[in-house]
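Contents: one structure, followed by commentary.
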Number of protein chains: 2
Amino acid sequence: MIKITLPDGNVREFAEAVNGYEIAKSISNQLAKAVLSISVDGAVWDLSRKIESDAAIKLHTWTDREGQDTFWHSSAHLMAEAIEVYYPGTKFGIGPTVDTGFYYDIDLPEGKILSEKDLQKIEQKMLELARQKNEITRSVISKADAIAMFAEKNDELKQELISELEDGTITLYNQGNFTDLCRGPHLPNTSYIKAIKLTAIAGAYWRGDEKNKMLTRVYGVTFPKAKMLDEYLVMIEEAKKRDHRKIGKEMQLFGFSEAVGQGLPLWLPKGAQLREQLENFLKKVQKKYGYEQVMTPHIGDVKLYKTSGHYEKYGKDSFQPITTPSEGEEYLLKPMNCPHHCEIYKMWPHSYKDLPVRMAEFGTVYRYEQSGELHGLTRVRSFTQDDAHIFCRPDQLKDEFKKVIDIIFIIFKALSFDNYTAQISLRDPNKPEKYIGSPENWDKAEQAIIEACDEKGLNTITELGEAAFYGPKLDFMIKDALGRSWQLGTIQVDYNLPDRFDLEYIGSDDKRHRPIMIHRAPFGSMERFVAVLIEHTAGKFPLWLTPEQAVVLPISEKYNDYAKKVSDFLNISDIRTVVDERNEKIGRKIRDNELKRVPYLLIVGEKEAEAGSVSVRRQGEGDRGSMTMDEFADFINKEVREQLSGLYN
Amino acid sequence: MIKITLPDGNVREFAEAVNGYEIAKSISNQLAKAVLSISVDGAVWDLSRKIESDAAIKLHTWTDREGQDTFWHSSAHLMAEAIEVYYPGTKFGIGPTVDTGFYYDIDLPEGKILSEKDLQKIEQKMLELARQKNEITRSVISKADAIAMFAEKNDELKQELISELEDGTITLYNQGNFTDLCRGPHLPNTSYIKAIKLTAIAGAYWRGDEKNKMLTRVYGVTFPKAKMLDEYLVMIEEAKKRDHRKIGKEMQLFGFSEAVGQGLPLWLPKGAQLREQLENFLKKVQKKYGYEQVMTPHIGDVKLYKTSGHYEKYGKDSFQPITTPSEGEEYLLKPMNCPHHCEIYKMWPHSYKDLPVRMAEFGTVYRYEQSGELHGLTRVRSFTQDDAHIFCRPDQLKDEFKKVIDIIFIIFKALSFDNYTAQISLRDPNKPEKYIGSPENWDKAEQAIIEACDEKGLNTITELGEAAFYGPKLDFMIKDALGRSWQLGTIQVDYNLPDRFDLEYIGSDDKRHRPIMIHRAPFGSMERFVAVLIEHTAGKFPLWLTPEQAVVLPISEKYNDYAKKVSDFLNISDIRTVVDERNEKIGRKIRDNELKRVPYLLIVGEKEAEAGSVSVRRQGEGDRGSMTMDEFADFINKEVREQLSGLYN
C-alpha cells in the first residue's frame, strides 16, 4: 500500500507503486491531459517514473514553473535530435531552460554555420519528430559506460561533463534515435510539443570561459498549443516596440555614455523632469504619512560597512575601496542608505514617545554589475532608491506595515498598475538557527505582517523559509500591460541592523530597548521603475506625470508669436507646454511630436490666432476639435485632477 | 633726480633718494600718519628704506592687505621681544601673519608652559615696549655672520632657516634689545601698535612635520586704535554665537558622524528641508531663464577626467580611483559636473538655432581635503554645487552673462545680501602664451563681460592676470551682517573643455563651430552657502525659506487636540507648521523653540481654543497679540509674498 499525500493534505492510497500520470488520472482525465511532471518529496520527477513508497507530491502543469521547465527541457532535447539529423557529428554542450524557453550550446561540425533558414528547417524537423509521439525514457548508466558512449560519438564536451559527475547518479534520456546525458525530468513523449519557434543564434564560450572554444547557442521556445505561440510572438513584437531603451531614446529621457562609464545612466532634461515629478509625488504622499527627508553622502568609511556586515558579505564583488592621498582612510561607494540612516538615528537619544521615526531619502547607490549583465535602466551600476527606514517599537509594527501598504496602493493607483500580487516571506519554522532575533519577536512580526495584509484586504501568497535571516518581508509584484511580471516594492523587517548599530530608545519603563527597523522602497529604484513604467505605458505616461503635457505647433513661422503666447498662458496655468518652432511642415511636426508621446498637440494657424483658440489633437487618438485657451486649460487640469483625486491631500 | 610714479599715473620728482614716509608726507600730513609700508616696483618695502632710482610706487595703509601685513609682522616681532624678556633662552621659529593677526611658533625653555595669565603679562610688556617708540631698523648680514649670531643664542631653529637662504639676501630687523631674522618689511617704529590682544595658544610641529618637535604657537592680533580692538572683540564674540556649526546643532540642520567619515555632512530633516527650499527656489528662477535640469552619476571613468585634464592636474591629490572586481575598469568620484554635461551635450547634434543650451544640475561632487583643513560646512569633502553649464555661440556670450547676473541678483535680494562687490578677472595682456583660445575670442569675451556688468549697473573691480588659463571670469563677494567677506557665485568663461571634448554646433554657414561654455554656480555650493546664510542671519532665515515657519505651543496637554487642529489648518494653507506636544511647562517650550529660531510661536490655551484663535509671538521679538487662524494665515502668507514679490513668475 502506497500513501500519496496531496498538497492540500489529502491522502490517496494506491495498492502498488504508482506514477505521476496515474495519480493525475485518478483525480481527473482533464488533469491527466494537463500534467507535465511531478514533485515527489520536493524533487521533480518524470511522470512515468514509479513511486515505490509513501510520498508527498505535487502535480505540475503549464501554469507552474516546474511544468514549463520540464516542457522546455524536453524541447531542448528535441531540438538536439533534429540538429543531429541535419548535422551529424555535432557535439552537444549544455541545454538548459531560461525565463521563456530554452537553449542548447552546440559545437557544429567543422565549417558548418547556422542561418535563419537553417533554423526554419530544424523547426520543421522538430515538429515532424514531435508528431511521431516518441516515448522519452530514462535509464541509469555507470560513469565508465557513459564516458565510453560519448567517446564513441567523439563528443568531448559531454565527456568533460560526465567526468565531473559522481558514479551512480548518472542518467540518460532517450527519444527516437537520440540519447542525451540528462538529470531530467522530461515529458512522457514528444507529442506534447505542439508549437515551436527557434528564436535566436548567438556565440557562447564553452562553460562561459573566454579561454575555451566558442560554441553556437541556439535559442528556442515551444508551447503545448499553437495559439499560445501566436500570442507569444505578438507579445514579443509588442515588447520590442515598448523596449524602454528604444522609447527612452525617442523621448530623449535618458542616455548612456561610454566615456562616463557603462551602466551609469545620464538623465536628460525630459527624463530628469519625469523623475522629479515621481519623486515630488512620493514626497507629498510620504509627508502626509509623517516621513522626514534626509540627505546623506554617496560614500561611507569602510568601517561603517564592516559594522553593518555589508563589507564582509559583498565587499569582494563591489566597487573597490577608495583610498585617500594621505591619512590611510578607506571609503566605499555606498551600496545602500541604511547604515547612514542608522548613524542619523544615533545623533540624539530617542524616547518611546518619539517613535516611529520615518526617515526617507532618494538615495543614489552604487553596485557593481558585470558589463554583460547590464541592461538599459533595469540593470545598472548606479540607481536611486526611493528609500526610507522606519524605526519603531514592536507594538507599532503592524500599524506601520499598514501605512506602507497604503502608500504602495496610492502609487499603484496613480500609475494604473491594477494587476498586482503580494508575497509574504516567513521563516522556515524547522530551521530556527538560520535567523537572528528572538522567536517571540519573529512571531510578533510575522503575525503583524499577516494581519496587516489581511486588514488591508490584500491577496497574498505565503512562502515559508523565504524570509531574510534578519526578518520577514512582504514583496509586491505587478503585471504590466503585456502580462509580464515585475517585482516592485518591498517591505522588509530588520532585527539585525538595530543590533549591529546598537540603536536604542528609552521605554516607558525608563529602560533601554531596541527599535525594530523597516526598510521599504515602493518604487524600488527610480531607474528600474521608470523602465517598467515606460514598458507598461509604451511611453504614454499618465497626464499628471508626463514631462511635456502639451506642445503648440504653429502651422508656419508666421504663427510662432501666437504659439508662444499660448504656451506662456498654459505654463502660467501649471500646464507643462512647449512650442515646436522648427521651420518644418505641420505634418512633420505632428509626426515628430506623436513619436515623443506628447499627450496634447495644439495646432495653431490663422483661424486659431484670430479666435484665441487652439486645435486640439490627442496623441495616438487624433482630433478633439477647437477650444479656447481657457477651455483647454480647464479641460487638461480636470483630467489631471481626476487622475490624482483622493490620492493625497 | 628721482621720478616716483604714483598709482594714478602722476609722477613726482625728488631731488635725491627718498623714502616712503617722505613721499607720503609730500602728499599730505594725514597720509604720512596713516601710511604703513610702500610697494616699490611691486615689492613691499619699509617706509624708511630709501628709493635710489626712478620707481612706480603704491603707499599702503591699514585699509589694504599689504598695510595690515606690515603692521602684524612688526607685531609678531614685538611679541617675540616681550617673550624674550620673560623667557630668556626661548628659540624662535617662524612668525607669519594670518587672515586677522599673526602668530609665532616658539620653543620655550625646558619646563616652561604658557597660561592665559602669562599671555596677559606678555600683552602688557608688548604695550610697554610699543610705547617706547623703539625704531625698527633693517640691516643686511652675511650668511656666516647670521648663523654665528643665532648659534650664539643657541637658536637652532633660526640656524636651520638661515642655512636654506642664499647668501647676500639675508636681512635682520632690530627694535630695542631684540633682533630677528626677517625679510620684512616693517613699521618705522613700535609706537604704531596701540591695541594688543593675544588670542590663543596651540601646539604646532616645527615646519608642520609631525616627526619634528612640537612648538608652542601663540596667536595675537593688534590694531592702530584701541577702539578697533574693542569692535573686533565684539565681532568675534558675535561670530562665535553665529558659528554655523553651533547653530546647525541647535536647529538640528546637519551633523557629522565619525563612522560615516569626516567632512561628509549628513543633512538632518530640517536642514534637508531648508536645502530643498533653496534648490526649489533656484530651480524656479532657472526655469524662467530657460535652464533644463539633468541628473548624472557621482562617478565617471578615469578616462573622462583624462580628457577633461582634471586627472592630470588634480588626480594625485584627490580621492583615489575606484577599481572593479573584474574587467580592470577605473572610476573616479566626480570632482565636478562639467565633463558629464559635455557628454550630454554630445548626445545629439546641435544647430546654431538650438543654442544656448543651459544645462543645470544640483550635482554632488567629492574632493579630498586633509582632515585638518575640514571646517563645518565651509570646508567639506562632499558638497552639492548649484551647477549649470551654458553652451552658447560667441555672439550670445554677453546676453547670457547678463542673464546669469540677473539670477545672482534675484538670489541676493531674496536672501537680503545687500552688500556685495564683483571682480572681473581678465588675462595678463603681457603674457599671451599663458592662455588657450584665440586672442580675438578673448577680446570678445572680456569685452562681453565688461559690457554686461556695465549694462547691469554693477560696481566692479578689474584684475589683470587673474583670469584662468581657459577664460575670463566674474566673481561675486558678499559682506555678511558682521562685515565679513565671503566669495559666492562665480561666472567662468571656458574655451578649454569645448576643445577637449570636441563640442560642436553647425552654424548658419553650414560649417562646424565650437560653442563657448560658461560655468556658473550662484550659491557656489549648497553646503557653503547654507553656512554663510546661517552666520549672516544667525539662523533666523527669511520666513519664505525657514524649514518650520510656525510652531503651535499648547499650554497644557489638554489643548494638544486644538493645537493639532491649528497646525492642520495652517499646513493646508501652505504654512509649514509643527506642534510642540511635549509635556513641558509653556515657558520651557517657548525657550526651546526660540532657540530653534522658529519665526512664529503660536500659544494656545482655553481662551484660544474657544475663540478659534492663536496668541502670536515673533521669535526674538515677543508678543504680537491674538489672531484668528485665518488672520494668522493671511498675515504670514502676506509676509512671504512680500519677501518674494517680483523675484520670479
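The values are calculated or read from the model by the stated rules, or taken from the named source; none is laboratory data. Keep in mind the model is a prediction, meaning the values are calculated, not measured. Positions of Cβ are generated from backbone atoms using ideal geometry, with glycine treated the same way; all protein chains shown enter the neighbour counts. Accessible surface is based on the protein model in full, side chains and every heavy atom, while ligands, DNA and RNA are left aside. Shrake-Rupley method; radii C 1.70, N 1.55, O 1.52, S 1.80 Å.
Taken one residue at a time, the phi angles of the stretch B:230-237 give Karplus couplings (6.51, -1.76, 1.60, θ = phi - 60°) of 4, 4, 4, 5, 5, 4, 4, 4 Hz. Gly and Pro are set to x.
Using Cβ point charges alone (K and R +1, D and E -1), the dipole size of chain A about the Cα centre works out to roughly 1140 debye. The alpha carbons of the stretch B:66-241 occupy a box of 49, 36, 27 Å along the principal axes, longest dimension given first.
The relative contact order of chain A comes to 9 percent, based on Cα pairs under 8 Å that sit 6 or more residues apart. Taking each of B:Lys58/B:Lys402; B:Lys431/B:Lys456; B:Lys241/B:Lys589; A:Lys50/A:Lys133 in turn, the alpha-carbon distance tops 23 angstrom for B:Lys58/B:Lys402; B:Lys431/B:Lys456.
So which of B:Lys197/B:Lys249; A:Lys413/A:Lys540; B:Lys33/B:Lys227 end up more than 20 Å apart, counting from Cα to Cα?
B:Lys197/B:Lys249
Taken one residue at a time, the phi angles of the stretch A:630-636 give Karplus couplings (6.51, -1.76, 1.60, θ = phi - 60°) of 4, 4, 5, 4, 4, 4, 6 Hz. Gly and Pro are set to x. Roughly how tilted is helix B:269-288, in degrees to the nearest 10 and between 0 and 90, from the longest Cα axis of chain B? Value to nearest ten degrees: 90.
The stretch B:138-179 has equivalent-ellipsoid semi-axes of 15, 14, 8 Å, by the square roots of 5 times the alpha carbon gyration tensor eigenvalues, sorted largest first. Both the radius of gyration and Dmax for the stretch A:167-257 are 19.5, 59 Å, in that order, over alpha-carbon atoms. The heavy atoms of A:Trp348 offer some 80 square angstrom of accessible surface to a 1.4 angstrom probe. Can you pick out the pairs among A:Lys596/B:Lys284; A:Lys91/A:Lys117; A:Lys143/A:Lys225 whose Cα atoms lie more than 29 Å from each other? Flagged as over cut-off: A:Lys143/A:Lys225. Semi-axis lengths, largest first, of the ellipsoid equivalent to the stretch B:1-134 are 37, 14, 13 Å, with √(5λ) applied to each eigenvalue of the Cα gyration tensor. In the stretch A:550-644, the alpha-carbon atoms span a convex hull of 87 Å³ per residue. The magnitude of the dipole of the protein assembly as shown, with charges of +1 and -1 set on the Cβ of Lys/Arg and Asp/Glu and taken from the Cα centre, is near 1540 debye.
Computed from backbone phi, the HN-Hα couplings of the stretch A:155-160 come to 9, 6, 5, 4, 4, 4 Hz, rounded to whole numbers (Karplus: 6.51 cos²θ - 1.76 cosθ + 1.60, θ = phi - 60°; Gly and Pro given as x). Think of the stretch A:66-241 as a dipole: +1 on every Lys or Arg Cβ, -1 on every Asp or Glu Cβ, centred on the Cα centre; then among A:Ile236, A:Met79, A:His186, A:Ile236 lies furthest on the positive end. Projected onto its three principal axes, the C-alpha set of the stretch A:2-61 covers 24, 21, 21 Å, listed from the longest axis down. A P(r) calculated from all alpha carbon pairs of the stretch B:326-388, with 10 Å bins opening at zero, reads 17, 35, 27, 16, 4 percent.
Per-residue mean of foreign Cβ neighbours for A:605-616 is 0 (Cβ atoms of other chains, 10 Å radius). Taken over the C-alpha atoms, the protein assembly as shown has Rg and Dmax values of 38.7, 135 angstrom. The mean number of Cβ atoms from other chains found within 10 Å of a Cβ in peptide A:249-257 is 3, as a whole number. Relative contact order for the stretch B:203-349: 11 percent, from Cα pairs under 8 Å spaced at least 6 residues apart, divided by residue count. Beta bridges from DSSP with both residues in the stretch B:550-644: antiparallel share about 55 percent, rounded to the nearest 5.
Where a ≥ b ≥ c are the square roots of the eigenvalues of the C-alpha gyration tensor, would you call chain B rounded, which needs a/c under 1.5, or, failing that, prolate if a/b is larger than b/c, or oblate? Judged from the Cα gyration tensor, chain B comes out oblate (a/c at least 1.5, b/c at or above a/b).
For the stretch B:153-268, a simple Cβ point-charge model (Lys and Arg +1, Asp and Glu -1, everything else neutral) yields a dipole of about 540 debye relative to the Cα centre.
Over the stretch B:550-644, Cα pairs under 8 Å with separation of 6+ residues give a relative contact order of 28 percent.
The aspartates and glutamates whose alpha-carbon is closer than 16 Å to the alpha-carbon of B:Lys585, local same-chain residues fewer than 8 away aside, are B:Glu557, B:Glu594, B:Glu606. Highest mean packing comes first when the peptides A:526-538, B:429-441 are listed by Cβ atoms within 10 Å, giving A:526-538, B:429-441.
Report the one residue of B:Thr364, A:Tyr600, A:Ile23 whose Cα lies farthest in the direction of the positive end of the charge dipole of the protein assembly as shown (charges on C-beta: Lys and Arg +1, Asp and Glu -1; origin at the Cα centre). Of the candidates, A:Tyr600 comes out farthest on the positive side. With a 10 Å cut-off around each Cβ of A:370-381, the average count of Cβ atoms from other chains is 1.
Of the residues B:Ile555, B:Asn571, B:Phe632, the one whose Cα sits farthest toward the positive end of the charge dipole of the stretch B:550-644, with +1 on the Cβ of Lys and Arg and -1 on the Cβ of Asp and Glu, is B:Ile555.
Once backbone amide H atoms are built at 1.01 Å from N, B:Tyr368 has B:Phe319 as its partners under 5 Å, excluding neighbours fewer than 5 places away on the same chain.
Taking 0.36 nm per residue of separation and subtracting the Cα-Cα distance, what length does fully extending A:Phe14 through A:Asp568 add?
Gain on extension, A:Phe14 to A:Asp568, equals 191.4 nm.
Using all pairs of distinct alpha-carbon atoms, the Kirkwood hydrodynamic radius of the stretch B:164-213 works out to 14.5 angstrom.
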